1. With +1 assigned to the C-beta of every Lys and Arg and -1 to the C-beta of every Asp and Glu, and no other charges, what is the dipole magnitude of the chain about the Cα centre in debye, to the nearest 20?
2. Give the accessible surface of the range 115-187 per residue, rounded to a whole number of Å², with probe radius 1.4 Å and ligands, DNA and RNA excluded.
3. Please quote Rg/Rh for the range 1-119 to two decimal places, taking the Kirkwood radius as Rh and restricting both calculations to Cα atoms.
4. Heavy atoms only, probe 1.4 Å: what % of the accessible area of the chain goes to carbon and sulfur, would you let me know?
5. At q = 0.13, 0.14, 0.29 Å⁻¹, what log₁₀ I(q)/I(0) does the range 42-112 have when each alpha carbon counts as one equal point scatterer in the Debye sum?
6. About the Cα centre of the range 97-171, what is the dipole size in debye to 20, counting +1 per Lys and Arg Cβ and -1 per Asp and Glu Cβ, all else neutral?
7. Enumerate by residue number the trypsin sites (Lys or Arg not before Pro) in the range 20-102 meeting two conditions: DSSP loop (anything except H, G, I, E, B), and at most 13 other Cβ atoms within 10 Å of the site's Cβ.
8. For V54, enumerate residues with amide H under 5 Å from its amide H, sequence gap 5+ or separate chain, H modeled in the peptide plane.
Amino acid sequence: LAPAHVRVEVPASWSVATALRPTADSHTFFAASVHVLVESPVLAGRLRDWRFSVDGVPHRVVYWPLPNAPPFDTAAFVSGIERIVRQAVAVFGRAPWPDYTFMFEDGAYGGLEHPGSVTLGAPSERLAQGGAWMTSAFGETAHEFFHAWNLMRIHPVEYQGVDHRAPALSRGLWFSEGLSMYYSDLLRRRAGLSPVDSTRLVHLEHLISRYLSNSAYGHVSVEEISRAAYANRPDAIGDFSAGVHLP
């Protein structure tokens with residue numbers, strides 16, 4: 001639980017992005033506890049960097065591009081992220097961090113939330129196409145960013161900080177993921193970033209149809225599905241196939 005300093009040695013042409021606290025030395029960062037340390041990833045390289053503030057709280061967007069990455073509309077990309085942040089903060093009333101960092105990696109997919117930052121894949125070749133691909137990137141960003149509240153700060157009771165044993169199996173993961181998926185779409189629409197060919201009602205009808213057409217949700221409770229998400233056994237819910245994001 002002790003605090004720690006982390007020194008990052010990188011070439012002079014590289015920059016560093018992390019939620020760890022800066023110090024007087026630009027290459028050294030501070031973590032107040034082991035929990036802060038393991039929840040603060042570091043992205044280093046030749047990064048593209050943008051910043052904006054929401055209610056006086058600074059937010060940083062960094063993007064690590066592949067060599068010869070195709071250009072994309074970075075103004076629309078960063079503007080969309082800022083609009084998502086403003087809508088999410090409006091839901092909860094305030095941003096509960098001194099600053100926040102979005103770390104995007106070219107050629108990668110998926111994302112992982114942290115208390116003061118998020119890591120996300122955002123392939124430049126897809127962002128360059130704009131349209132649905134840009135909208136999809138905003139959806140993933142909104143989902144992972146909403147987790148900064150709904151999973152990092154409002155979390156299942158089984159999650160109790162750093163533990164080096166096997167991951168705790170949570171009965172409430174359906175709430176953490178399902179509600180974040182719900183707001184991922186809602187935040188985009190409130191931010192004016194929704195697909196032009198889908199209304200909120202059509203979107204919800206599609207999700208309800210998927211839920212009702214999967215017999216697993218009629219036989220296995222969402223708590224069992226939640227516990228199965230990180231279970232070591234592939235047959236944790238038998239022959240059924242269901243996930244924690246749809247409920």
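1. Details: 20 positive and 24 negative charges, 96 e Å.
I would put it at about 460 debye.
2. 44
3. Numbers: Rg = 14.9 Å, Rh = 15.4 Å.
Rg/Rh: 0.97.
4. Values: 7350 of 13280 Å².
Carbon plus sulfur share of accessible area: 55 percent.
5. -0.42, -0.48, -1.45
6. On the way: 4 positive and 9 negative charges, 51 e Å.
The dipole of the range 97-171 has a size of about 240 debye.
7. Values: sites: R46, R48, R51, R60, R83, R86, R94; in loops: R46, R94.
Qualifying residues, ordered by number: R46, R94.
8. Long-range HN contacts for V54: H59.
The values are calculated or read from the model by the stated rules, or taken from the named source; none is laboratory data. The structure displayed is predicted, hence computed values, not measured ones. Cβ: placed from backbone, ideal geometry, glycine included. Neighbour counts: every protein chain shown. Remember, those area values only see protein heavy atoms, side chains included, never the ligands or the DNA or RNA. Shrake-Rupley method; radii C 1.70, N 1.55, O 1.52, S 1.80 Å.
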